[in-house]
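The values are calculated or read from the model by the stated rules, or taken from the named source; none is laboratory data. Note that the structure is predicted; figures quoted are calculated from it, not measured. Because the Cβ atoms are built from the backbone with ideal geometry, glycine has one as well, and the counts that use them run over all protein chains shown.
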Amino acid sequence: MRAHPAGPRSGEMHADRPADGAPADLSTLHPAVWPRNATRNADGALTLAGNDVRDLAAEHGTPLMALDEADFRSRCRDFADAFGRADAVHYAGKAFLCGEVVRWLADEGLSLDVCTGGELALALRAGFPAERIALHGSNKSAAELAAATQAGIGGIVVDSFDEIGRLAALAEERERPGAHRHGEPIPVLIRVTVGVEAHTHEFIATAHEDQKFGFSLSSGDAAEAVRRIVACGGLRLIGLHSHIGSQIFDPAGFEVAAHRVVGLLRRVLEDHPELTDTLTVLDLGGGLGIAYTPADDPPAVDAMAKSLQDIVSRECQLAGLVVPSVVVEPGRAIAGPGTVTVYEVGTIKEVVLDGGLVRRYVSVDGGMSDNIRTALYDADYTVTLASRSSDAPPALSRVVGKHCESGDIVVRDCYLPADLAVGDLLAVAATGAYCYAMASSYNRVPRPPVVAVADGRSRTVLRRETDLDLMLLETW
Ligand SMILES: Cc1ncc(COP(=O)(O)O)c(C=O)c1O
Ligand SMILES: N[C@@H](CCCC[NH3+])C(=O)O
């Protein structure tokens, strides 16, 4: 994910000799990278929604993930305003989900995209309205489909012919007299692979042909999926869906995707004019990128929304179609920027490399178990000394975790003050999306707590995992 490398790639220089590219002031909090309510106080300590990180660390321990509630909610509103309707915005729960966040989303009037039975179960348990939930997934089990259809969710985004078969069987069961939701058709969308090469990391691009998601447009599979769904009386085709990938900055990929999906919509409505009143949703997926470092410059939500809506209107006008309702599924752009991970420095080691060069390894009390993204995608993050100010010169450093793995890197190359010491707190920005959600207990390191911060108060919304939690599955 190093589309925008920040500074030199490796620390191959003396740790105490600042290199070109070191920021002039290490304490600056770039507003695009840090939560909307992050500042420094008179001591130079980082405060998050009015909470000094030293107090957060004292109360909740480290590592901890501080989630700025107002930041999260304000990004929900940005999307709702930009798209003109909150329920057209389906928050992608895979980015980060817990009961509290589900309630915030419900409050804000957003819809919710879940991609497994587990995410669905949490959303329903937390009281999210079923009709505002859509279920994704490339291999939904019969049990997941049954749970979703019984709950009466708003839509199932179909991903394979096997799944159409499973849904047809569920629809047939509904035909039986006395069946739950007797006679109600199951609302479905079709996930279309539009053949766009999104400019992002290979593992998170999802619309090129050679991958597992969706029905290929070019091979005719998407059109065949339409035929099979229409032929099954118990399924109602309500929309077409495309998701081209994640952490995308360039709207051009969405433009091509929208063009191709509208083309399919036109062909489907020509062949099946009876769908005109029901096939009304065009879901363009998620993928809007965020700033992990000051070098990242993602488009603003309102600009992206306008360009998506203009594209769809133009394409529909050209195709002579009524403009469908445009739905989007942002995950990272809502959850990502508002969370900061706070670690305590445990060891600092200077390693002499070939040629006498030195690399400074700063080891923290978490690592790849709470943030796998650096190891998995070569992701870049911004880190700062959070517990105090420092006038020391910048030293090129590498922040690493405590796991038994040399790839356990949190921030590969960064500048930290040369007087950084054991016991200092470091804060890593923009860890709200796909960090906790992809966390593990590797090496039996318990997952950190997630602490909601707002108006000078903090509240645990997910408690820290304990050694005992990690033993609960034992049968001894
Ligand atoms: C179908 C679908 N929708 C939405 C998202 C959310 O993407 P992002 O978090 O990049 O907005 C994803 C993840 O890439 C996805 O697979
Ligand atoms: N997990 C990825 C995003 C993939 C989203 C799911 N399709 C990330 O951390 O960037």
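Restricting region 424-463 to residues that are in contact with a Phe, Trp or Tyr (Cβ under 9 Å, 6 or more places away or on another chain) and within 16 Å of ligand 1 (Cβ to nearest atom), the residue that is farthest from residue 35 (Cα to Cα) is 437.
Would you call residue 231 at pLDDT below 90, away from ligand 1 (no atom under 15 Å from the Cβ) and surrounded by fewer than 16 Cβ atoms within 10 Å (Cβ to Cβ)? Here the answer is no, as residue 231 does not meet what is asked. Within region 313-327, does at least one residue satisfy the condition of being in contact (Cβ under 8 Å) with a residue 24 or more places away in the chain and touching a Leu at 6+ places or on another chain (Cβ under 6 Å)? Scanning region 313-327, I find at least one residue that is in contact (Cβ under 8 Å) with a residue 24 or more places away in the chain and touching a Leu at 6+ places or on another chain (Cβ under 6 Å), so the answer is yes.
From the residues in region 209-228 that are over 28 Å from residue 131 (Cβ atoms) and touching a strand residue (DSSP E or B) at 6+ places or on another chain (Cβ under 8 Å), which one is surrounded by the most Cβ atoms within 10 Å (Cβ to Cβ)? Of everything passing the filter in region 209-228, 217 is surrounded by the most Cβ atoms within 10 Å (Cβ to Cβ). Only one of the numbered conditions (1) farther than 28 Å from residue 92 by Cβ; (2) hydrophobic (A, V, I, L, M, F, W, C); (3) within 22 Å of the chain's Cα centre (by Cα) is violated by residue 421, and that is (3).
Conditions tested, residue by residue: (1) of a type in the set (Asp, Glu); (2) in a strand (DSSP E or B).
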site: 119; (1), (2): yes, no
site: 124; (1), (2): no, no
site: 137; (1), (2): no, no
site: 146; (1), (2): no, no
site: 156; (1), (2): no, yes
site: 171; (1), (2): no, no
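One residue alone among 113, 78 is buried (at least 22 other Cβ atoms within 10 Å of the Cβ), of a type outside the set (Phe, Trp, Tyr) and under 17 Å from the mean Cα position of the chain (by Cα), and that residue is 113. For region 400-419, taking the residues that are out of contact with any Gly (no Cβ under 9 Å at 6 or more places or on another chain) and crowded, with 21+ Cβ neighbours inside 10 Å, the one that is farthest from residue 364 (Cα to Cα) is identified as 416. Quick check on my filter: what residues within region 276-312 are away from ligand 2 (no atom under 16 Å from the Cβ), assigned to a loop (DSSP other than H, G, I, E, B), in contact (Cβ under 8 Å) with a residue 40 or more places away in the chain and under 23 Å from residue 230 (Cβ atoms)? Selection gives 276, 278, 279, 280. State whether one or more residues within region 107-128 are of a type in the set (Lys, Arg), within 29 Å of residue 163 (Cβ to Cβ) and free of Cβ contacts under 8 Å to residues at least 60 places away in the same chain. Among the residues of region 107-128, at least one is of a type in the set (Lys, Arg), within 29 Å of residue 163 (Cβ to Cβ) and free of Cβ contacts under 8 Å to residues at least 60 places away in the same chain, which makes the answer yes.
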